[in-house]
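Read the structure below first, then the notes.
The values are calculated or read from the model by the stated rules, or taken from the named source; none is laboratory data. Just so you know, these numbers come straight off a predicted model, no measurement behind them. Because the Cβ atoms are built from the backbone with ideal geometry, glycine has one as well, and the counts that use them run over all protein chains shown.
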Amino acid sequence: MTMSRPVILGIVEYASGKPVTDFIPSQRQCRFTVNLLLIHCAADNRTDGFLNVKVMADISVHLDHSQDEGL
């Protein structure tokens, strides 16, 4: 939780509508942070998370090859 709060606040405050890359030190921490980001989006009633419509079209090809259900 301590790492995800600054990430969420940074995305909301500084990067609203802009692409963001977040580097997480480990796979375990990455999964934990993704789950907290999803919880935050659900609490704010954001059905698309932090993604823009244009971005979804660009990454949909890559998501088809992803094995992680959290993505």
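Observations on the model:
- Considering only residues in the stretch 39-62 that are closer than 16 Å to Ser16 by Cα and outside any loop (DSSP other than H, G, I, E, B), the one that is modelled with the lowest pLDDT turns out to be Val53.
- Scope the stretch 19-38; condition in contact with a helix residue (DSSP H, G or I) (Cβ under 9 Å, 6 or more places away or on another chain), part of a loop (DSSP other than H, G, I, E, B) and closer than 17 Å to Ile59 by Cβ; matching residues: Pro19, Val20, Asp22
- Among the residues of the stretch 1-18, those that are closer than 25 Å to Ala57 by Cβ and either touching a residue at least 12 places away in the same chain (Cβ under 8 Å) or among the hydroxyl-bearing types (Ser, Thr, Tyr) (or both) comprise Val7, Ile8, Ile11, Tyr14, Ser16, Gly17.
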